[in-house]
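Below you'll find the structure, written out as structure tokens, and then a few comments.
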Amino acid sequence: MSQLIELSAFEIAEKIRRGETCAVDVLVAHLDHIRRVDGCPGALNGDPAREPDQVHAFITLTAERAQAQAQAVDAKIAAGQDPGPLAGVPLTVKDIFCVDGTPSTAASKILANFIAPYTATSVERMEQAGALVLGKVNLDEFTFGSSNESSAFQPAPRNPWDTSRVPGGSSGGSAASVAAYESPLSLGTDTAGSIRQPAAFCGVVGLKPTYGRVSRYGLIAFGSSLDCPGPLTRNVTDAALMLKVIAGPDPRDATAATVPVPDYLAELEKGVKGLRIGLSPEYFEITYFNAENGQFETQPVPALMKNAVLDAAQRLAGLGAEIVENVAMPHTRYGIPTYFVISRVEAASNLHRFDGVKYGYRTPAQPQDLRAMYRQSRGEAFGLQPKLRILMGMYVSAAQYSEQYYNRSLRVRSLIRRDFDEAFDQVDLLLTPTTPTAAFPVGGLYGDSVLMQYADQFTVPGNHAGIPGISIPAGMDSEGLPIGIQLLGPDFSEDVILRASRSYEIATQSEAWRQARPAALA
Amino acid sequence: MNEEQITSEVFVRLVELAALELTPNEAEYIRKQLNNQLKSIDELTRIPLDPDTPIASHGVPYTPVSSPGLRPDQCHPHPNPAKLLSGAPETDEGYIVVPEIPTQKLD
């Protein structure tokens with residue numbers, strides 16, 4: 001493996017600024033590596049079983065765009081100009097962001113032919129900072145899933161640690177591309193855990209910022225009150241570096257908060273001394289719906305997951321943090337049912353814009369009138385998951401049911417938020433498992449939309465509350481699959497979350513699992 | 001609770017309102033999943049809720065300090081309308097073409 005692809009984003013930018021390497025060489029090394037490990041890109045009507053040992057992170061490779069960007073960075077260096085904080089750093093972009101002149105598909109047939117006419121703010125800021133956009137990476141169709149199997153572009157991404165496993169989702173292509181050293185950075189989105197869950201499954205860092213910390217302009221919307229763009233990286237420093245670039249107000253997004261952006265890198269090494277870190281019993285058990293008997297069942301999380309959290313707590317305590325046990329989060333179990341309602345209502349609303357009129361797919365049949373054209377186009381081009389979400393969203397927001405479901409869910413959301421507000425009166429951060437399990441096998445859960453959703457049980461409350469959260473690698477299970485732990489903090493506390501994450505990273509630097517490399521690289 | 005809250009009749013109506021068309025296989029899968037999802041969210045109806053509990057349309061409170069002001073409601077011409085139109089399935093001299101729009105004669 002080339003040394004250049006093993007460098008972090010921070011190291012790449014430093015070396016390029018110092019003239020120790022150049023952006024074009026960095027790009028070539030990454031493109032060569034992608035050719036070696038990624039296999040064929042996802043395509044409409046592609047064979048899901050094709051090249052099962054490859055990663056398949058990409059839908060579209062934008063090598064020419066990256067080449068022009070690399071040359072521009074090298075020209076700036078030669079001219080003695082500042083090339084930006086991400087000078088020459090490769091980047092993959094979840095294909096839910098519009099990037100001018102590129103297919104921007106949302107992994108759906110309905111947008112397969114859509115060439116974005118503008119660029120999302122977060123991508124634009126990274127490009128201006130000197131990043132090289134390698135391409136657009138795969139996801140669950142419209143981000144609707146936790147495994148990437150619902151993508152209309154097959155083969156879907158596979159987990160680089162074991163390609164018979166899913167990479168998680170919906171930012172599965174992002175996590176897989178970073179874990180497989182195809183790129184040090186990826187831009188993902190998190191609506192219920194879609195950055196943190198695949199980060200945990202693929203052994204990388206995934207940061208969901210506070211809602212409003214990063215502009216959503218140019219993001220193809222799913223749940224507009226929940227969606228957050230954020231970084232997936234191989235280490236905490238790179239997440240801090242990337243967040244600094246993409247965060248901040250945006251005149252084109254009225255929900256992008258006008259809260260000053262701290263210098264996350266400057267805060268990073270300040271340690272955890274004096275920080276109060278909470279553990280909650282509600283995050284050591286999972287409650288899920290058993291469709292067979294119609295009952296809810298509660299089980300403790302596997303010992304491995306609980307022990308990873310307790311081990312992290314012990315290490316952070318050793319560095320001067322105060323661990324506070326038994327922080328009550330009584331409404332955690334309602335996160336998924338609440339999400340089933342709120343996200344579906346928002347998805348149904350957002351997906352009405354795809355109608356075969358202005359852009360995207362239109363049925364080749366000659367429908368008799370406009371309504372028939374809508375129905376046929378949407379029926380032929382939406383996959384099962386969008387259809388399911390549209391129908392659910394319409395049902396629970398219908399006039400006769402909205403009080404029972406939608407309005408009630410919005411009130412329960414207040415209770416979930418209140419749990420966090422009260423917790424953060426006692427502690428600075430909460431430490432939890434990211435997921436109840438490591439990556440599950442391809443085909444293991446897909447098709448059961450209820451069980452699949454419960455994979456997000458520990459991550460979705462943070463989306464309801466809008467607070468920031470991170471997943472960081474925390475070891476491996478007995479099969480060599482990565483597991484993650486999660487830190488959650490109050491609104492706009494990304495600096496504190498990153499600082500504690502960095503402390504844990506340093507404290508575990510010599511662990512054997514830190515030296516392991518994904519099987520797909522062999 | 002009714003085993004099948006979304007009956008075949010309700011489902012057909014929903015599909016029509018959603019401007020969708022489903023194959024028989026899709027319809028069978030989706031209706032089953034919808035009913036399972038409804039059973040799982042039925043738990044919400046059992047949560048004791050104080051009627052004064054406010055609705056949260058999003059989690060993070062927006063204060064005047066953290067919210068951008070609204071932009072002036074001004075129209076700006078797009079620099080390249082042809083680029084936007086190039087993505088439309090069918091156009092004619094700058095207009096987007098669609099099939100016949102259904103109309104109803106009023107008495």
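The values are calculated or read from the model by the stated rules, or taken from the named source; none is laboratory data. Here the structure is a predicted model, which means the values were calculated and not measured. Cβ: placed from backbone, ideal geometry, glycine included. Neighbour counts: every protein chain shown. Side chains included, ligands, DNA and RNA excluded: accessible areas come from the protein's heavy atoms. Shrake-Rupley method; radii C 1.70, N 1.55, O 1.52, S 1.80 Å.
Taking other residues whose beta carbon is less than 12 angstrom from the beta carbon of A:R371, and scoring Lys, Arg as +1 and Asp, Glu as -1, yields -3.
Surface burial for A against B, with a 1.4 Å probe and both sides summed, reaches about 5800 Å² of accessible area. Of the listed pairs A:K136/B:K39; A:K109/A:K244; A:K94/A:K387; A:K270/A:K306, which have alpha-carbon separations greater than 30 Å here? A:K136/B:K39; A:K109/A:K244, as the Cα separations exceed 30 Å there.
Listed by chain and number, the aspartates and glutamates whose alpha-carbon sits under 17 Å from that of A:K15, ignoring those within fewer than 8 places in the same chain, are A:E6, A:D25, A:D74, A:D82, A:D238. Anything losing 40 Å² or more of accessible area from the isolated chain to the full protein assembly: pick those residues out of the stretch B:55-71, probe 1.4 Å, ligands and DNA/RNA ignored. Buried by 40 Å² or more upon assembly, which counts only protein chains, are B:I55, B:A56, B:G59, B:V60, B:Y62, B:S66, B:P68, B:R71. Ranked by the mean number of other Cβ atoms within 10 Å of their residues, highest first, the peptides A:112-122, B:51-61 come out as A:112-122, B:51-61.
Calculated [222 nm] ellipticity per residue, helices only, for chain A: -10500 deg cm²/dmol; basis is -39500 (n - 2.57) per DSSP H run with n ≥ 4, divided by all residues, nearest 500. Using a 1.4 Å probe on the protein chains only, how many percent of the accessible area of the stretch A:336-406 belongs to carbon and sulfur? Carbon with sulfur: 48 percent of the solvent-accessible area.
With distances taken between every two different alpha-carbon atoms, chain A has a Kirkwood hydrodynamic radius of 22.7 Å.
When the Cα gyration tensor is reduced to axis lengths a ≥ b ≥ c, the ratio a/c is 1.5 or higher for the stretch A:3-157, and with a/b above b/c it is classed as prolate.
GNM on chain B, alpha-carbon springs under 10 angstrom: the most fluctuating residue among B:P64, B:P81, B:P48 is B:P81. Taking a ≥ b ≥ c as the square roots of the eigenvalues of the Cα gyration tensor of the stretch A:237-311, is the shape rounded (a/c under 1.5), prolate (a/b larger than b/c) or oblate? Because a/c hits 1.5 or more and a/b fails to exceed b/c, the stretch A:237-311 counts as oblate.
The apolar share of the surface of the stretch A:3-266, taken as the fraction of accessible area on carbon and sulfur atoms (1.4 Å probe, ligands and nucleic acids excluded), comes to 52 percent. Taking every Cα-Cα distance in the stretch A:126-183 and sorting them into 10 Å bins starting at zero, the pair-distance distribution P(r) comes out as 27, 48, 21, 4 percent. Scanning chain A for GluC sites (Glu not before Pro) that sit in a DSSP loop and have at most 14 other Cβ atoms within 10 Å, the longest stretch containing none of them is A:21-268. Three principal axis extents describe the C-alpha atoms of the stretch A:431-486; from largest down they are 31, 28, 11 Å. Dimensions of the stretch A:396-494 based on its C-alpha atoms, expressed as ranges along the principal axes with the largest first, amount to 49, 40, 17 Å.
Here is the tail figure for the stretch A:336-406: Cα pairs spaced more than 21 Å apart come to 33 percent of all pairs. Sparsely packed loop sites in the stretch B:24-107 (the trypsin sites (Lys or Arg not before Pro) outside DSSP H, G, I, E and B with at most 13 other Cβ atoms within 10 Å) comprise B:K105. When only Cα pairs below 8 angstrom with a gap of at least 6 residues are kept, the stretch A:336-406 shows a relative contact order of 45 percent.
Kirkwood analysis of the Cα pair distances in the stretch B:1-46 returns a hydrodynamic radius of 11.3 Å.
Quotient of the Cα radius of gyration of chain B and 2.2 N^0.38 Å, N being its number of residues: 1.79.
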